[in-house]
Structures are given as C-alpha cells and as structure tokens.
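The values are calculated or read from the model by the stated rules, or taken from the named source; none is laboratory data. Predicted model only: the values in this text are computed from it and were never measured. Quick reminder, even Gly has a Cβ in these numbers, built from the backbone with ideal geometry, and neighbours come from all protein chains shown.
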C-alpha cells in the first residue's frame with residue numbers, strides 16, 4: 001500500500017496538479033468557497049422569514065427593487081473583477097502602480113455610478129411603476145451600488161482574500177440578524193433594503209480603507225478613470241455576451257411556451273448554475289496566479305492553463321456522472337412533488353457544467369491573462385447570436401427540453417472556437433506544450449551529436 005502511495009505521489013501528472021495548488025491558491029479557494037456558502041445560506045434564512053412576515057405584496061416590492069438595482073451593480077462592477085484583478089496580479093510588487101490601478105478603478109466606478117443614478121432618476125420620473133416605488137427604489141440602488149464599489153478584486157489580485165471575506169461575511173451576517181430582529185410587518189419592507197445596504201456599505205468602507213495600509217493613496221483622475229474603463233470594456237462586453245445566451249432562454253420560453261415550461265427550465269437552470277459556481281470558484285482562485293505568470297513566464301502560464309483545464313475536466317466528469325444518477329432524488333428533495341419534468345432538463349444541463357469545466361479555464365487561465373479579451377468576447381458573442389434563433393425554434397417545438405439543448409449547443413460552439421482559433425493562430429497553451437516538447441527533443445539530439 002505504501003509503495004502504491006509513493007508511486008502515485010511521484011507520478012508526474014499528480015505532481016503537476018499538486019504543484020499549482022500551493023498554500024496561497026488553497027487559501028484563496030477556501031475563502032471563495034466560504035463566500036459561496038454564505039451566499040447560499042443567508043437567503044435560506046431570510047427568504048422564508050421575509051416571505052412570511054412581509055406578505056406577497058411587500059415582499060414582491062422588495063424583490064422588484066432588488067431586480068432593478070441589480071442592473072446598477074452590473075454597470076458599476078463593469079468587468080473589474082477580471083480586468084482589474086489581472087492588473088493587480090501582474091503588478092502586485094509595485095505599490096505605486098497598485099495605487100494608480102485602485103485610483104483608476106474607483107474613479108471609473110464613480111463615473112458609472114453617476115450615470116446609473118441619472119438613468120434611474122429619469123426612468124423613475126417617466127415610468128409610473130418606478131415612480132410608485134418612491135424612495136424604496138433608492139434604498140435598493142444604495143445597497144447594490146455599495147456592493148459594486150466593494151474592492152474584493154484587489155484582495156483577489158494579491159491573493160489575500162481571507163481578510164476581506166472575514167469582514168464581508170461578519171458584517172453581512174450582522175445585517176441579516178438585524179433584518180430578522182427588526183423587520184416584523186409589511187410596513188417594515190424598506191428596512192430590508194436599508195439594513196442590508198448599510199451592512200454592505202460598512203464592509204466596503206472597511207475593506208477599502210485597509211487597502212491603503214499597503215499602497216499609497218492617490219486621487220482618481222479623468223485620465224486614469226478612462227484608462228480603467230477602456231481596459232475593462234472588452235471584458236464587460238464579454239460578460240454581456242455571456243448573459244445573451246445564458247439568460248435569454250427563460251425569456252424565450254415566456255413568449256412561446258407555457259408558464260409550467262418556464263418553471264421547469266428555471267428550476268433546473270438554477271441548480272445547474274449552483275453546480276457551475278462550485279467549478280468556477282476554484283478557477284477564480286487560480287486566476288491571479290495565471291495573470292501573474294502570463295506576464296513573467298509564458299511557458300509556466302501555458303502549463304498552468306493545461307493542468308487546470310485537464311484537472312477541472314477530470315473532476316467534473318466524475319461529479320457530473322454521480323449527479324446524473326442522483327438527479328431524480330435531488331429534484332424530489334429540493335423541489336418536491338410535481339416537478340418530474342425538471343429531471344430530464346437538469347440532466348441535459350449537466351452537459352453545460354461539463355463544457356464549462358473546459359471553457360472557463362481556457363478563458364480565465366489563458367486568454368484573459370494574456371490580454372486576448374477581444375478574442376474571447378468575439379467567441380462568446382458569436383455563440384450568443386447563433387443561440388437565439390436556434391433556441392426560438394427549439395422552444396416552439398420542444399419547450400423546456402428544446403432550450404436546454406440550445407444552451408448545450410452554444411457552449412459546444414464556444415468550446416470548438418476556444419480550441420481551434422488559438423491553435424490556428426499558434427497561441428494556444430496546448431500548442432506551446434507541443435513546441436516546448438519539440439525544442440526539448442531537438443536539444444537532446446544536438447547534445448548527442
């Protein structure tokens with residue numbers, strides 16, 4: 001038994017996988033998984049409570065405000081969790097440059113927040129439904145704007161997320177506790193937004209203040225703000241393109257199918273997204289390291305991209321196989337009776353999880369760290385535009401089953417393009433491995449001569 005363990009430990013692929021998951025990466029992954037756990041657990045506590053004490057009307061109003069405010073978060077957040085994290089990771093030893101990066105991002109977010117406030121202000125004055133929300137709408141905007149200004153991207157870039165996660169989780173937990181303690185009737189609906197918004201703002205202020213213990217403070221300038229927006233623009237379009245095909249299926253079903261079909265697909269898609277997030281969390285933990293290596297050591301960066309892709313694929317194949325078998329029991333436990341139609345949909349969407357285990361590492365560990373944001377955006381946008389007409393046809397014929405297969409088709413297109421285009425252009429991580437192997441063989445032959 002001991003000899004078998006030694007053989008496995010000394011095995012080159014095993015050593016390669018173990019090598020990329022050093023202490024910092026593991027700490028980052030644990031912290032990110034902690035955030036995901038809290039993101040799942042807190043709603044499990046608040047949603048049943050608020051739905052009961054507020055009632056359908058007041059609770060629906062809170063959810064409507066949150067849905068609108070989520071767009072503010074999307075705009076303010078832009079794509080800095082990718083573009084700014086990459087910059088920080090590549091300049092982590094240069095305090096002056098880090099100060100400039102932070103100033104640029106903060107300035108850009110200030111501009112984006114002003115634009116968002118202007119648009120929502122005009123919309124509230126012209127749309128009766130929004131006008132009726134009154135100042136509750138602005139409490140929601142305050143909450144999600146505070147979330148958008150959170151500097152988690154900086155801590156991720158320097159691979160020191162544990163402190164930020166501890167502060168964020170602690171303050172948010174207190175906020176949820178206050179909601180449960182103080183919100184007791186439909187008239188208290190505004191307090192849900194005010195309390196959680198205040199908790200988020202406190203966490204944002206604390207984590208932002210702590211940044212300046214390690215880097216010099218620098219005021220944002222117009223030039224630095226515009227530069228940050230330009231650097232993040234392609235990745236912002238990438239995020240929007242991803243939403244084009246990932247979020248459109250429910251809307252398409254709403255137009256061409258029954259409400260039951262929408263419910264069946266939405267339930268399966270929510271579970272699929274939770275599973276995908278488990279895969280993506282580990283990928284996010286390696287993103288700063290991939291960005292740093294892309295600047296300092298291309299061969300090692302290519303090696304990390306190869307190992308992370310093959311490792312995530314191998315682990316996901318096993319996980320998906322188990323979940324495929326357990327799907328009927330999962331649906332019965334999570335959703336209860338009357339949702340048998342969700343089982344085939346979720347089984348189809350497990351293929352999406354499998355495709356994500358390759359697509360996301362290739363994008364986040366190779367293309368984005370190496371500055372190929374435009375290529376990734378074009379690939380994703382192409383899949384998104386192809387997906388919509390296919391989804392419309394399949395939805396009209398096969399309802400929730402049809403759009404599930406349409407999503408699998410979109411991710412398959414992305415996989416093919418992610419592999420073929422970099423190979424053709426001679427810049428793929430697997431191409432670099434082949435070239436490195438050829439150079440090694442050539443040097444061995446020359447040495448023998």
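Below are the figures for this structure:
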item: Helices (runs of 4 or more DSSP H) wholly inside the range 178-259 that include at least 3 residues being at pLDDT 85 or above and farther than 22 Å from residue 87 by Cα; result: 189-211
item: Subset of the range 252-270 [surrounded by fewer than 21 Cβ atoms within 10 Å (Cβ to Cβ) and within 27 Å of residue 320 (Cβ to Cβ)]; result: 257, 260, 262, 263, 266, 267, 270
item: From 400, 365, residue being part of a helix (DSSP H, G or I), in contact (Cβ under 8 Å) with a residue 24 or more places away in the chain and within 19 Å of the chain's Cα centre (by Cα); result: 365
item: Given (1) modelled with pLDDT under 90; (2) over 20 Å from residue 81 (Cα atoms); (3) touching a helix residue (DSSP H, G or I) at 6+ places or on another chain (Cβ under 6 Å); (4) surrounded by 14 or more Cβ atoms within 10 Å (Cβ to Cβ), number of the condition residue 131 does not satisfy; result: (4)
